[in-house]
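What follows is a short report on a single structure.
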């Protein structure tokens with residue numbers, strides 16, 4: 001009759017056979033190294049290891065498994081492997097290994113220490129998993145993401161370039177429109193409002209102040225004997241004279257109203273919210289005073305005077321052209337009475353002319 005010890009030995013042998021068959025049949029490559037022998041050689045590899053690497057057990061037993069790295073020993077993960085072997089602990093790393101035919105495969109390696117009954121480290125079991133397909137898929141996915149990111153970057157750059165070009169075109173078009181609008185409503189020589197813009201402002205101002213019971217006044221200026229300047233000094237000198245007159249008029253009128261140039265030797269001033277013709281007459285006096293100082297034209301002192309016609313708006317609405325017509329009539333009356341003076345055309349008061 002078998003003893004109790006024989007029964008335990010039999011069960012242990014059965015368990016070892018079962019464990020061996022399980023290890024041998026594992027789909028993972030299984031290796032066992034002996035830590036007590038020099039260079040910790042392999043003492044067991046299963047069939048899956050042979051299929052994974054292309055090496056037979058006879059070719060690898062007795063060798064350190066570092067041969068799987070070939071000449072590719074500069075891998076950071078190998079430092080972790082060496083530390084785990086030295087410290088006798090678990091580790092899991094991803095290594096570039098090479099089959100017998102030289103082809104690369106990615107080895108997901110798990111190393112586990114084995115101790116004897118007295119706690120001494122005797123073996124390391126390596127579980128190897130070929131994750132080349134997974135690694136390749138991850139690489140292809142990474143590459144696809146990188147290509148997508150690059151396409152998005154290029155598309156974004158093209159869109160940014162297109163937007164910048166559109167913004168430039170819009171800015172250029174807006175600038176051109178502003179230039180055209182300015183040219184349409186401003187005198188090209190002096191930059192002052194032209195007749196069209198001046199009439200718009202007369203209408204707008206007269207309508208606004210009419211509602212509040214106020215008036216506007218228009219002063220129409222015609223430079224006296226200006227043709228003589230063009231004839232004696234030339235048109236360029238005449239233009240400089242006009243620019244100088246425009247500057248003096250703007251400085252005199254300032255924020256009190258609008259100064260315009262109708263072309264040639266004719267200027268106009270719009271005064272807003274005047275109480276009576278006297279307000280406009282005071283401005284006419286100021287204009288006469290600033291024109292008394294000589295103008296330096298090509299090193300020569302030149303004097304210029306102006307005939308000024310003044311017209312005020314009436315209590316009811318009227319077209320701005322009608323106010324201009326009265327100012328024009330007053331201006332010609334000033335010229336007819338000797339030039340270098342002003343004349344007032346005011347329907348609500350006696351007309352007057354400066355001495």
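Looking only at strands (runs of 3 or more DSSP E) that lie completely in region 283-343, which have at least 2 residues being under 53 Å from the mean Cα position of the chain (by Cα) and surrounded by 12 or more Cβ atoms within 10 Å (Cβ to Cβ)?
On the way: elements: 295-297, 300-302, 306-312.
Result: 295-297.
The conditions are (1) assigned by TED's automatic domain parsing to the domain that holds residue 274; (2) within 21 Å of residue 248 (Cα to Cα); (3) surrounded by 12 or more Cβ atoms within 10 Å (Cβ to Cβ), and residue 190 fails exactly one of them. Which is it?
(1)
Exposed (fewer than 12 other Cβ atoms within 10 Å of the Cβ), assigned by TED's automatic domain parsing to the domain that holds residue 121 and either closer than 17 Å to residue 131 by Cβ or at pLDDT 95 or above (or both): does that describe residue 71?
no
Please tell me if residue 216 is crowded, with 21+ Cβ neighbours inside 10 Å, closer than 15 Å to residue 275 by Cα, in contact with a helix residue (DSSP H, G or I) (Cβ under 9 Å, 6 or more places away or on another chain) and in the same structural domain as residue 323 (by TED's automatic domain parsing).
Working: crowded, with 21+ Cβ neighbours inside 10 Å: yes; closer than 15 Å to residue 275 by Cα: yes; in contact with a helix residue (DSSP H, G or I) (Cβ under 9 Å, 6 or more places away or on another chain): yes; in the same structural domain as residue 323 (by TED's automatic domain parsing): yes.
It is true that residue 216 is crowded, with 21+ Cβ neighbours inside 10 Å, closer than 15 Å to residue 275 by Cα, in contact with a helix residue (DSSP H, G or I) (Cβ under 9 Å, 6 or more places away or on another chain) and in the same structural domain as residue 323 (by TED's automatic domain parsing).
If residue 143 satisfies all but one of (1) closer than 30 Å to residue 28 by Cα; (2) more than 33 Å from the chain's Cα centre (by Cα); (3) loosely packed, with under 11 Cβ neighbours inside 10 Å, what's the number of the condition it fails?
It fails just one condition, (2).
Sort through 99, 110 and tell me the only one that's surrounded by 12 or more Cβ atoms within 10 Å (Cβ to Cβ), at pLDDT 95 or above, touching a helix residue (DSSP H, G or I) at 6+ places or on another chain (Cβ under 7 Å) and within 18 Å of residue 28 (Cβ to Cβ).
99
The values are calculated or read from the model by the stated rules, or taken from the named source; none is laboratory data. None of the values given here were measured: they were computed from a predicted structure. Note: ideal-geometry Cβ built from the backbone for every residue, glycine included; neighbour counts use all protein chains shown.
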